[in-house]
Amino acid sequence: MTVLSADSPPRTRGTELKRRRRRKWTGWGFVGPFLLVFLFVLVAPVGYAIYLSLYQNKLIGGNKFAGLANYSQALTDSQFWTGFERVALFLVVQVPVMLILALGVSLAIDSARLHWAPLYRIGIFLPYAVPAVVGVLMWGYLYGNQFGLISDLDKWFHTTLPNPLDNTLMLPAIGNVVTWEYIGYNMLIFYSALRVVPNELYEAAELDNAGQWKIIWHIKLPALRPAILVATVFSIIGSFQLFTEPSVLFPLNKDVIGSAYTPNLYAYNLSFNGQEYNYSATIAIIMGLLTVIVAYVVQRVGQRKQGA
């Protein structure tokens, strides 16, 4: 409570309004820079992509409004849907494998049974710090059957090892690269969640003579559910954005990867190699919508299971 002296003037309605306005603009002063960056790097590009997707570049007449014609074409585009099915298969197989490995590593480091645990943590996280292009180039050199590790093993042992870059093994080879890159990132999410588990729960488990497996099942895994949901959503979004790995490996086997191996690679080649900017924007918008839908459904299902 503010105490007014006898000599101080009473507060008027106008003074209160001025103070409220100052508070309002002070808040906008803090939020304003973020909003400007948000509008510039996200809203404006998405809006421009939607604008491009509504036009078609004709040989006669130039760029003309086409409505939803590009979207109708994309819905029947076999190249786009083949790439989408490939990415969906990649998601269903690679994401669970990566998250299970990251979960196992985080539990092992948190168990306090490993010597030099910080060294293991840094070593597993280190591939995430390597630029994606550099990492894929390293693995591409290892995969090559005419040079690199596979070729050397064939020469040394006079064998013919399977080519990781052929038609049947290309997707698992890319999945191996992505897992190597992001297992450390997901491990850090899980490990951070484990570090905030109250010590009282572990002390109670020790008093009940609970073993390590019971502690993991009844304490650690329930505490990790929100982190697992976050990592799953991030991994789904990342899987649908698959681009760097196939684009870097493309020169090693152009017949297998092709120009439409993934939807993002398809959109890139349409825009920068085929000069089809309008249709490329359409593919990008559709892919973004599908990613949002799948991520939202997974998030809702995960939240319901947590609340059950």
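Laid out as a table, the results:
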quantity	calculated
Cα centroid separation - segment 51-103 against segment 249-308, whole Å	5
Calculated FRET efficiency for the pair ALA112/GLU85, C-beta based, R₀ 25 Å, to 0.05	0.05
Extension gain (nm, one decimal) between TRP217 and TYR141, 0.36 nm per residue minus Cα-Cα	23.3 nm
Gaussian network model of the chain, Cα within-10 Å springs - most flexible of ARG113, ARG225, ARG121	ARG113
Extended-chain gain in nm, criterion 0.36 nm per residue less alpha-carbon gap, TYR71 and LEU39	9.0 nm
Length-normalised contact order of the chain in % [C-alpha pairs under 8 Å, at least 6 apart]	25
Likely footprinting exposure, ARG300, ARG86, fewest C-beta neighbours within 10 Å first	ARG300, ARG86
Correct option for Kirkwood radius over Cα pairs in Å [calculated from the coordinates] among (1) 24.0; (2) 20.2; (3) 19.4	(1)
Taking the convex hull of Cα positions in segment 111-174, its mean projected area over all directions (nm²)	6.7
For the chain, built as a Gaussian network whose Cα springs stay under 10 Å, the top-fluctuating residue of GLU276, GLU203, GLU85	GLU203
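Bear in mind that the values in this text are calculations on the coordinates, not laboratory data. Remember, it's a predicted structure, so these values are computed and weren't measured experimentally. No Cβ is skipped: glycine too gets one built from the backbone with ideal geometry, and neighbour counts run over all protein chains shown.
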